[in-house]
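The values are calculated or read from the model by the stated rules, or taken from the named source; none is laboratory data. The structure presented is a predicted model; accordingly, all values stated were derived computationally and were not measured. Cβ coordinates were reconstructed from backbone atoms using ideal geometry, including for glycine residues, and neighbour counts include every protein chain displayed. Just the protein is used for accessible areas: all its heavy atoms, side chains included, with ligands, DNA and RNA removed. Shrake-Rupley method; radii C 1.70, N 1.55, O 1.52, S 1.80 Å.
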Amino acid sequence: MTRIDRRALFASGAAAALLAATGVSAAPQRGGRLRAAVGADLFDQVIASTVYDNLTEIAADGTLRGELATDWTSDSDAMHWRFKLRPDVAFHDGTPFDAYALRHLPFRVDVQDALTVDIVLESPDPNLPYTLAHPGYEVRSPNGAGTGLYQVQKLDMHRHFIGMRVAQHWKTDAGWFDSVEFVQFSAAEIRSEALLSGLVDVADVRDLGPDVDLCEFQTLPGDASTTHIANRAVIVPAAVGKSWPLDNLRMAERWWMA
C-alpha cells in the first residue's frame with residue numbers, strides 16, 4: 001500500500017475537494033466568485049437572500065437564530081412581540097439600520113426606540129420569529145438598500161446579477177466569496193449545460209442526465225432529495241439548510257471555493 005504524505009495532501013489544492021467528497025468540511029477560505037444558474041422561480045429569492053438580511057434566520061441545522069434581531073419576547077397570547085435589534089449595522093448606502101427601517105413589514109410596527117420595535121398582530125402567531133426568516137420578509141431601507149454580505153454591482157432584472165462582498169460587515173464568520181454571480185435560465189436543460197460546460201459552479205437542477213458521470217459533482221441537499229447540483233470545486237459545509245433550495249437560499253453566505 002502506498003503511504004500518503006498527509007502534510008503534502010493538506011497543502012495541495014485537492015485537499016478541500018477530497019474533504020468535501022467525504023463529507024468533511026475544510027476550513028473556510030476567502031476568495032473567488034461563486035457562479036450559479038437558477039430558474040425564474042428562484043432568481044429573485046436568491047438575490048434577496050444575498051443582498052438583504054432578515055430579522056431572524058433558520059440555520060443549516062434547522063434551528064432559529066437572530067440575524068438583525070438579537071432577542072425577542074411575546075405576551076402570553078403571542079400577539080404582541082418585542083424585538084431587540086443589532087446595533088452598529090449599516091445599509092449598503094451608508095444609512096444606519098434602526099427600528100424605523102422595519103415599517104415596511106406587513107404588520108403593525110411600533111417603534112419604541114432605535115433598537116427596540118414592537119410588532120402587534122391581529123391574531124395569535126407563536127411562529128412569528130420563524131415566519132420572519134422566510135423569503136419575502138427581508139429588511140431594506142426606504143430606497144431599497146440592503147444590509148447583507150453582498151451588495152449589488154450589476155443587476156439586469158430577472159436575468160443577471162453580480163454582487164460584491166461588503167468590505168466591513170458585522171458577520172465576520174460568513175461570506176467567503178469575493179463576489180457572486182447569478183444568471184437566470186428558465187429551462188433546466190440550459191442550466192444543466194451551463195454546469196457541465198463549467199460556465200457556472202452550481203445549478204438548481206435535479207439531475208444532469210443519465211450519461212453524466214457525477215464524480216465531479218455533488219448533489220444537494222442529498223442524493224435522496226436533490227434540488228441543486230454543484231461542482232466539487234465548491235466546498236459545502238456538512239450541514240446544509242433544507243427549508244429552501246440552495247442551502248436555504250444562502251449559498252453565497254455559507255459556501256466557499258476550494
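Values computed for the structure shown
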item: Number of the condition not met by Arg206 [criteria: (1) open to solvent by 20 Å² or more (accessible area, probe 1.4 Å); (2) of a type outside the set (A, V, I, L, M); (3) within 15 Å of the chain's Cα centre (by Cα)]; result: (3)
item: Test: residue in the range 226-241 that is on the phi > 0 side of the Ramachandran plot, assigned to a loop (DSSP other than H, G, I, E, B) and open to solvent by less than 40 Å² (accessible area, probe 1.4 Å); result: no
item: Sole residue being closer than 18 Å to Gly31 by Cα and touching a residue at least 60 places away in the same chain (Cβ under 8 Å), chosen from Ala188, Ala258, Ala239; result: Ala258
item: Within the range 242-255, tally of residues that are over 21 Å from Gln29 (Cβ atoms) and either out of contact with any Gly (no Cβ under 9 Å at 6 or more places or on another chain) or part of a strand (DSSP E or B) (or both); result: 2
item: Qualifying residue in the range 6-26 (condition: within 22 Å of the chain's Cα centre (by Cα), modelled with pLDDT of 95 or more and under 23 Å from Arg165 (Cβ atoms)); result: no
item: Some residue of the range 27-45 being β-branched (Val, Ile, Thr), open to solvent by less than 20 Å² (accessible area, probe 1.4 Å) and either touching a Pro at 6+ places or on another chain (Cβ under 9 Å) or over 23 Å from Val152 (Cα atoms) (or both); result: yes
item: Spans of strands (runs of 3 or more DSSP E) in the range 55-119 with at least 3 residues loosely packed, with under 13 Cβ neighbours inside 10 Å; result: 108-113
item: Residues of the range 88-142 classified as among the polar types (S, T, N, Q), farther than 26 Å from Asp44 by Cβ and in contact (Cβ under 8 Å) with a residue 40 or more places away in the chain, total; result: 1
item: Failed condition for Arg206, given (1) modelled with pLDDT under 95; (2) over 13 Å from Gly39 (Cα atoms); (3) not small (Gly, Ala, Ser); result: (2)
